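One structure is given here, and the rest of the page talks about it.
The values are calculated or read from the model by the stated rules, or taken from the named source; none is laboratory data. All values reported here derive from a predicted model rather than from experimental measurement. Cβ: placed from backbone, ideal geometry, glycine included. Neighbour counts: every protein chain shown. The protein model used for the area step is the full one, side chains on, heavy atoms only, and it has no ligands, DNA or RNA in it. Shrake-Rupley method; radii C 1.70, N 1.55, O 1.52, S 1.80 Å.
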Number of protein chains: 2
Amino acid sequence: MQQSREHTLKAFDQDLDRLRALISQMGGLAEHAIGEAMRCLIQRDVEAAERIVENDQKLDALEIETERRVVQLIALRAPMAGDLRDVVAALKISGVVERIGDYAKNIARRVPQIDQGGHLEPLSLLPEMARIATQMVHDVLNAFVNRDADAAVRVCQRDQAVDDFYDSIFRTLLTFMMENPHNIGQAAHLLFVAKNLERVGDHATNIAEMVFYAATGEHMAERPRTAGRS
Amino acid sequence: MQQSREHTLKAFDQDLDRLRALISQMGGLAEHAIGEAMRCLIQRDVEAAERIVENDQKLDALEIETERRVVQLIALRAPMAGDLRDVVAALKISGVVERIGDYAKNIARRVPQIDQGGHLEPLSLLPEMARIATQMVHDVLNAFVNRDADAAVRVCQRDQAVDDFYDSIFRTLLTFMMENPHNIGQAAHLLFVAKNLERVGDHATNIAEMVFYAATGEHMAERPRTAGRS
């Protein structure tokens, strides 16, 4: 009986490791997609932007695969307490990572729209904002793999920097629009790009809360809410 | 044994009914929040808008309660196949409904920003767009409660109307901005309001896909993707 239980435990750990590997794989794809979408935006690379949109279905497929494995794992291994929290967190996190991929796709779809036109100053701020937001995603998924609640808390603390970038870009874009109505179309698209990146930071924060709960069984202390910015 | 199994089945059905009631309750709150946020926007009711923001924590609490019950239900009843799909769908749907509430909160937070200023034509289109989107949410949650895959498919078909509204409002707002730079700040906020409502329609569609999968065990046939609009 003892041996059988150990066997079950080991099988569960292997299943969970595979789930974590799936989430890491999804995270890698999403990070790459955001970075590549920003490169396409800056270099007006319309062709590569189309490939980002096509590639997003890989993330959709991996999310479905994650859900399939979660359901199978729950049915076969009947995990309890912390194990069950981990499995449920994996399911929820894969959904959030898939949405982060959607933001990359949304940004890529705007590339043809801002294709024409001259230099727009906010274009030089957006990549740095993207770097911070994707680094948050990278670090919070590592925190999940390592069940590291402290690392998850540290990721949340960095969301303010993303929000500050957003506020600055929002104001700059509005000024650009006012200075020259010719800029309005492009600037409107860049407003949404900035908003998408701000949401990536929010989603990294959401994942951090899920990681914290999975690791500790407690909900993270209330932080000042930053959602719903201009 | 037979009696014990029947007892377990009945207990499971009761648990599932309670889960469904929770989701319906969340849906009712989210629908009301969107409708009320639109009313505040039109009537520039800054005070009531603040209450929408405060009330959003009810939805957050209900999402946590749903997750708690899902985890408990899985641990106690070990549901299989279609039952397990229903339970997992409940968990995912509660997350989406909570996000729909966030959109209402985001709209409410913009009310003070568009408080001053004269008549903006898109303001008259937004409430109708909101009505269609919230009706989709209402109907898709009914489809979940009734395990009605056909009704879920019909909800998806209505997303095009929301997208058409969005495209029209986007163009109108850009024209407004170009005609008078004085409108730019307000119009930028309304762009995001329109985007939020478009996302509510997308989320109703996402829920419809979850309902379809829970009810049939099959993934809904690929629809033309509408995400990532201007």
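Give the residues of segment A:147-193 that are closer than 21 Å to A:PRO127 by Cα, in contact with a Phe, Trp or Tyr (Cβ under 7 Å, 6 or more places away or on another chain) and open to solvent by 10 Å² or more (accessible area, probe 1.4 Å), sorted by residue number. Of everything in segment A:147-193, just one residue is closer than 21 Å to A:PRO127 by Cα, in contact with a Phe, Trp or Tyr (Cβ under 7 Å, 6 or more places away or on another chain) and open to solvent by 10 Å² or more (accessible area, probe 1.4 Å), namely A:ASN183. The condition of being in a helix (DSSP H, G or I), open to solvent by 20 Å² or more (accessible area, probe 1.4 Å) and touching an Asp or Glu at 6+ places or on another chain (Cβ under 7 Å) does not hold for A:ASP83. With respect to the conditions (1) closer than 22 Å to A:ILE64 by Cα; (2) surrounded by fewer than 19 Cβ atoms within 10 Å (Cβ to Cβ); (3) touching a residue at least 40 places away in the same chain (Cβ under 8 Å), B:ALA78 lacks only one, and its number is (3).
Within segment B:176-184, the presence of a residue that is in contact with a Leu (Cβ under 8 Å, 6 or more places away or on another chain), within 19 Å of B:ALA37 (Cα to Cα) and among the aromatic types (Phe, Trp, Tyr) is excluded.
The number of residues in segment A:167-199 being over 30 Å from A:VAL140 (Cβ atoms) and at the interface with another protein chain (Cβ under 7 Å from one of its Cβ atoms) comes to 7. Criterion first (more than 13 Å from chain B (Cβ to nearest Cβ) and among the polar types (S, T, N, Q)) does A:GLN57 satisfy it? No, not satisfied. Of all the criteria given as (1) open to solvent by 10 Å² or more (accessible area, probe 1.4 Å); (2) more than 30 Å from A:LEU19 (Cα to Cα), the one not satisfied by A:ASN196 is (2). The residues of segment A:90-118 that are under 16 Å from B:ARG68 (Cα atoms) and more than 10 Å from every other protein chain (Cβ to nearest Cβ) amount to a single one, A:ALA90.
Selection within segment A:200-218: residues that are farther than 13 Å from A:CYS156 by Cα and open to solvent by 10 Å² or more (accessible area, probe 1.4 Å). The member of this set that is nearest to the other protein chains (Cβ to nearest Cβ) is A:TYR213.
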